[in-house]
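Notes follow once the structure below has been shown.
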Amino acid sequence: MKIIDDNLLNDVIRQAQESPRLRMNYNFHQSLDDKCHRFLNAVEVGTVIPIHHHVTKDETFVILKGKVQIITYRDDGSVIERVTICREEGRYGVDIPKNTWHSLECLEPDSVIFEVKEGPFIPHEEDGILTIR
């Protein structure tokens, strides 16, 4: 059993702070080939996960600490919706349907989300990242 507590969150936050990308995952799944991916994603201010989508996979984010903004987009890159998830504000997470363009931006230092999506991991092909012209 893996316990999600302050010690684990603080360790992953420290790794994110030291990372050039200002983010770090802690995987609960054993392999990138597993059918269900469950992980912590610690992000720092300055982290922006680019606009992307998962053609066949839903994705769920639940905030454990801090504040992040999730943005969804149309195919042309225009914004559909912005949602800030933050426990103190009573918005705990989002569920993003498959094939929905989305991005994530960290709004508060030491933020951590619990993320779940179907595996296996497949690196984004060229059409998986949205380039706004």
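Remarks
- Some residue of region 65-85 being small (Gly, Ala, Ser) and at positive phi: yes
- Of the residues making up region 43-56, those that are open to solvent by 30 Å² or more (accessible area, probe 1.4 Å) and either among the basic types (Lys, Arg) or within 11 Å of the chain's Cα centre (by Cα) (or both) are Val48, Pro50.
- Residue match in region 1-20 (condition: open to solvent by 60 Å² or more (accessible area, probe 1.4 Å) and under 15 Å from the mean Cα position of the chain (by Cα)): no
- Among the residues of region 22-42, those identified as within 19 Å of Phe61 (Cα to Cα), out of contact with any helix residue (DSSP H, G or I) (no Cβ under 9 Å at 6 or more places or on another chain) and either assigned to a strand (DSSP E or B) or open to solvent by 60 Å² or more (accessible area, probe 1.4 Å) (or both) are Asn27, Leu32, Lys35, Cys36, His37, Arg38, Phe39.
For (1) hydroxyl-bearing (Ser, Thr, Tyr); (2) touching a Leu at 6+ places or on another chain (Cβ under 7 Å); (3) modelled with pLDDT under 95, each residue gets a yes or a no:
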residue: Ile4; (1), (2), (3): no, no, no
residue: Arg23; (1), (2), (3): no, no, no
residue: Ser31; (1), (2), (3): yes, no, yes
residue: Thr47; (1), (2), (3): yes, yes, yes
residue: Glu59; (1), (2), (3): no, no, no
residue: Ile63; (1), (2), (3): no, no, no
residue: Asp75; (1), (2), (3): no, no, yes
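- Residues of region 57-68 satisfying the condition of being open to solvent by less than 30 Å² (accessible area, probe 1.4 Å), out of contact with any helix residue (DSSP H, G or I) (no Cβ under 8 Å at 6 or more places or on another chain) and part of a strand (DSSP E or B): Glu59, Phe61, Val68
- Residue list for region 70-80, filter: open to solvent by 30 Å² or more (accessible area, probe 1.4 Å) and out of contact with any Phe, Trp or Tyr (no Cβ under 8 Å at 6 or more places or on another chain): Asp76, Ser78
The values are calculated or read from the model by the stated rules, or taken from the named source; none is laboratory data. Nothing here was measured: the structure is a model prediction, and the numbers come from that model. Note that each Cβ is placed from the backbone with ideal geometry, even for glycine, and that neighbours are counted across all protein chains shown. We work out accessible area using only protein heavy atoms, side chains counted, and drop any ligands, DNA or RNA first. Shrake-Rupley method; radii C 1.70, N 1.55, O 1.52, S 1.80 Å.
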